[in-house]
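Novice: Quick one: the structure is below, questions incoming.
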Amino acid sequence: MDFSIKPELYQSLRFKLLCVCFAAFVLWQAFAFRVRQENRRLRLRLEARYAERERIARDLHDTLLQGFPALFLKMQAGVARLPEDSVERQFLSKTLIQMGELIVESRNKVSLLRSVKSGNLVAFLSDFASEQAGDAGMMLDMSMGDGERDLSQEAFEEAFFIMKESIRNACRHSRGTLLTIRVDYRSDALWLIVKDNGNGIDPAILAAGSKVGRWGLIGLHERARQVSAKLSVTSRLGIGTVVTLRIPGRIAYAPPSKKRRYI
Ligand SMILES: Nc1ncnc2c1ncn2[C@@H]1O[C@H](COP(=O)(O)OP(=O)(O)OP(=O)(O)O)[C@@H](O)[C@H]1O
Ligand SMILES: [Mg+2]
């Protein structure tokens, strides 16, 4: 006589499949929770940094940058009283020119500290690059991939700074004739490239990662690290320099909405 015993509920294939699905769901939720926590921590850290930078910029502006131009004008008035062909007047006039340049440079540095927090990255870059390239007598070739997306505040800040410093370096140091900028909003990452066809970075500086007493290249790497981005600076003498920045999509792009998200 044939007989069969019905499997218990927990022995059925359907039950086992359900368990696997449930375990996968729990793991996925735990992973999503970790990612959200990481992003929140990063955001808080960056907000604290921005607040500190704004404070420094405000202090510098209210003290040094207000005081120096006033002293500069006083000195100019004093120099104008000296006989025109005197050696002292010529010496002080040259010193005044250098002082004026220093004031402009300091203003630029402080304005970097107070950078824009959000907006259209491509539009800001295009304005900045045209001005810099124009001053350096370089041609500008700027292009953007399809599918422009809103950037998170932290990615915008860091990307804008890194691009500005790279553009400025290309225009100030490269002696090239063409400045190329590329922005690509790929789904997995935001790609930004600044390229020049100039004389290239001195290999000793490139190997050391910086030039003594200069902070631009160091700042690029520090800022890239803040947003878990990959930054590469490659350069060949007589060929030019390429700065490539890749910010992972989960940090680069603003979250789509406040609706419940699973990641
Ligand atoms: N695109 C470039 N082409 C050629 N040389 C470059 C380029 N970018 C950087 N360099 C060289 O690397 C050096 C270091 O660059 P970095 O940005 O750190 O300093 P800086 O531009 O001289 O000063 P700052 O501190 O104001 O940025 C430069 O002085 C320059 O000699
Ligand atoms: Mg620089």
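No lab work stands behind these numbers, since they all come straight from the coordinates. None of these values were measured; they are calculated from a predicted model. So basically every Cβ, Gly included, is an ideal-geometry build from the backbone, and we count neighbours across all protein chains shown.
Novice: Of all trypsin sites (Lys or Arg not before Pro) in the stretch 67-137, which ones are in loop regions per DSSP and have a Cβ with at most 16 other Cβ atoms within 10 Å?
Specialist: Arg81, Arg114, Lys117
Novice: Where in the stretch 195-238 are there trypsin sites (Lys or Arg not before Pro) that are in a DSSP coil and have at most 16 other Cβ atoms within 10 angstrom of their Cβ?
Specialist: Answer in residue order: Lys211, Arg214.
Novice: Then there is this: Express in whole angstrom the spacing between the alpha-carbon centres of the stretch 237-251 and the stretch 176-203.
Specialist: If we compute the Cα centre of each part, the gap is 6 Å.
Novice: How fast does the chain diffuse by Stokes-Einstein, in µm²/s, taking the Kirkwood radius from C-alpha pairs at 37 °C and 0.692 mPa s?
Specialist: Translational diffusion coefficient: 145 µm²/s.
Novice: Related question: Give the shape of the stretch 168-250 as rounded, prolate or oblate, defined through the alpha-carbon gyration tensor: a ≥ b ≥ c are the square roots of its eigenvalues, a/c under 1.5 means rounded, and otherwise the shape is prolate if a/b is larger than b/c and oblate if not.
Specialist: Verdict is oblate for the stretch 168-250.
Novice: For each of Val227, Val110, count neighbouring Cβ atoms within 10 Å of the residue's Cβ, then give the residues from fewest to most.
Specialist: Arranged by neighbour count, lowest to highest, Val227, Val110 become Val110, Val227.
Novice: Kindly provide the GluC sites (Glu not before Pro) of the stretch 67-137 that DSSP labels as loop, not H, G, I, E or B, and whose Cβ sees at most 10 other Cβ atoms within 10 Å.
Specialist: Qualifying residues, ordered by number: Glu84.
Novice: For Ile218 and Arg250, FRET efficiency with R0 = 35 Å and r from the beta-carbon atoms, rounded to 0.05?
Specialist: The computed FRET efficiency comes out at 0.85.
Novice: Subtracting the Cα-Cα distance from 0.36 nm times the residue separation, let me have the gained length for Ser232 to Ile5 in nm, one decimal.
Specialist: Gain on stretching Ser232 to Ile5: 75.1 nm.
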